[in-house]
Structures are given as C-alpha cells and as structure tokens.
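In what follows, a structure is listed as structure tokens, so that the remarks can point back to it.
The values are calculated or read from the model by the stated rules, or taken from the named source; none is laboratory data. This structure is a prediction, so every number in the text was calculated from the model and none was measured. Every residue, glycine among them, receives a Cβ derived from its backbone with ideal geometry; neighbour counts consider all protein chains shown.
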Amino acid sequence: MMAWRKSVVLTVLLWLATPLISMADQPLTLVAASDLRYALDEILDRWHLDNPDSPVRVIYGSSGRFATQIRQGAPFDLYLSADIAYTEALYRENLTAGPPRPYASGRLVLWSRDASLSEAGIQALASNPPQRLAIARPTHAPYGDRARQAMQTLGIWSALEPRLVYGENIAHTAQMAQSGAADAAIIALSLALHPTMQKSGHFSPVDSSLHAPLEQALVLTRQAADKPAAWLLADFILGPAARTVFTQYGFGVPSFAEKLPQP
C-alpha cells in the first residue's frame, strides 16, 4: 500500500511539473504592425544569432485589431504598434507591464506599377485618378488613417473615396497594388523599399505635414511581466542594432536614451 501511495504521489508531482517545463520551452509571442514585416524579420534574425535559446513567434497584422485582441485576453507577450495611441490606451487600462516606448516613426508613400502615376504624387490623384486606389482600412490600420488624413488635408478625399479599395493592413494593401488588384496604393515606405516592391513599381513620398505623425511604440503585456526574455527582447528592439535596420527601411528613429525598466 505504501509503495502504491508513493507511486501516486510521484505521478501527480510529474503531472504538475509538466506544464511548467512546457511553458519554459514556449517561444515568446510578438505581434507587430505589418509595416514592420521586412525590417522586424531582419531584427529578429540578429536577435536569434545572440539568443538561440530564446525563440520568438511573430504575427503581423493591423495595430487596431491586435489592441482589441489584447483587451480580450489574447496570449501575446510583446506588441509593436504603428501608432503609439493604441499602446497608450492599453497602458491606461492597466493591460501592459509598463508604459509604451517609441521605437520608430513611419512614413507614407504613393506606390504604383505605373511610374507616371506614382511620380505625379498624391496631390495629382484628383486630376488624374486611378481606377482603384488602395489604402489600409482607416478604422484599425494607422497607415490607412493617415492616408485618409492626407487626402482630406489636400481636399481630394471626397473625389477619391468612390475609387478606394481597402486592405486589412498595410502589407495587404501593398500586395493589392503589386498584384494589380489596385492601380496605386498609399503604403508604408518600409514596404516600398523592399527589393520586390522596388523591382515591380515606383513610389513618391507623401508630405508628412499632411497628416498626424506615425509615431510607433512597443509595450510588454501583463502576461510578459515576469518573463526576462521578453524584457531583453524589447530592449534589443530599442537598441542600436535594431536602429540600424529601421533606418535602412526608411523609418525615422526616436530617442533610444530611455530603456525599458526591468520588472
């Protein structure tokens, strides 16, 4: 009987320990605005070289949808938003492990496979409108919201709105133009600079004074508060190696003097 009890106790202890072991082996889950698709992939490659035992799973999408999912309890560790406002709101709602930290500022461009269309610039869209102009959906994609603002500032929104087609995020918007589903698109400079986009089309910058800034920031969620690897990864994204990559992809880089505090 005593041996049987010892066996049961040992089985229970092993069962209790198993989830802890599995959790330790699980990768961090990072969700990021899709304008980061190319730049962040390179940054994470650099991270993995120095941290091979700290795997990261990254999901790209729209900033607004990720913020909603975090409010609903989604198991994310780090959130990189294309608009600091989303991270500030989550911080005020006590859903983060600390305040937001800016990591880059984004820029808009007009991209098209037609060089004459893109080179004429956004201000010429009303007089020479494309059949279909793609922007990211303004309700949850910061780049789409700023594209709308720019057109409203120029007084061309009403004329172009019937021609708009919407991407679910800025990467999807770029794909629409590249594939021919749209004749032109207002997208992130970081995507337009990728070799595949440069090879297949042309772009011109959108004057940043036409819209609110695209100040981008990251936060750790509450579930990552006790994960040292998450804090280290956040600090790495705010550091000089990542800064170099962000600059290569056309991002403006805010001050990195203030680092994330340790829990």
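Residues in the stretch 219-237 that are of a type in the set (D, E, K, R) and either more than 17 Å from L90 (Cα to Cα) or outside the structural domain of I43 (by TED's automatic domain parsing) (or both) were compared, and the one that is farthest from the chain's Cα centre (by Cα) is D226. Applying the condition of being touching a Leu at 6+ places or on another chain (Cβ under 8 Å) and at pLDDT below 95 to the stretch 44-61 and asking which residue is nearest to F236 (Cα to Cα) yields N51.
Going through A134, A141 one at a time, which residue ends up being in contact (Cβ under 8 Å) with a residue 24 or more places away in the chain, within 18 Å of P205 (Cβ to Cβ) and not polar (S, T, N, Q)?
On the way: A141 fails: within 18 Å of P205 (Cβ to Cβ).
After applying the criteria, what remains is A134.
Please go through the stretch 63-84 and pick out each residue that is among the small types (G, A, S) and either under 29 Å from M197 (Cα atoms) or touching a residue at least 60 places away in the same chain (Cβ under 8 Å) (or both). Within the stretch 63-84, S63, G64, A67, S81, A82 meet the criteria.
Tell me the residue from L90, L117, L110 that is out of contact with any Leu (no Cβ under 7 Å at 6 or more places or on another chain), assigned by TED's automatic domain parsing to the domain that holds T196, in contact (Cβ under 8 Å) with a residue 60 or more places away in the chain and not in a strand (DSSP E or B), please. Steps first, please.
Numbers: L90 fails: assigned by TED's automatic domain parsing to the domain that holds T196; L110 fails: not in a strand (DSSP E or B).
After applying the criteria, what remains is L117.
Since D53 meets every condition but one in (1) among the acidic types (D, E); (2) surrounded by 23 or more Cβ atoms within 10 Å (Cβ to Cβ); (3) more than 17 Å from G167 (Cβ to Cβ), which condition does it not meet? Among (1) among the acidic types (D, E); (2) surrounded by 23 or more Cβ atoms within 10 Å (Cβ to Cβ); (3) more than 17 Å from G167 (Cβ to Cβ), the lone unmet condition for D53 is (2). Within the stretch 172-195, the set of residues being assigned to a helix (DSSP H, G or I), of a type outside the set (S, T, Y) and over 13 Å from R146 (Cβ atoms) comprises H172, A174, Q175, M176, A177, Q178, L191, A192, P195. Restricting attention to the stretch 196-237, and to residues there that are among the charged types (D, E, K, R) and assigned to a helix (DSSP H, G or I), which single residue is surrounded by the fewest Cβ atoms within 10 Å (Cβ to Cβ)? Only one residue fits best here, namely K199. Only a single criterion out of (1) in contact with a strand residue (DSSP E or B) (Cβ under 6 Å, 6 or more places away or on another chain); (2) outside the structural domain of E93 (by TED's automatic domain parsing); (3) buried (at least 20 other Cβ atoms within 10 Å of the Cβ) is not satisfied by R163, namely (3).
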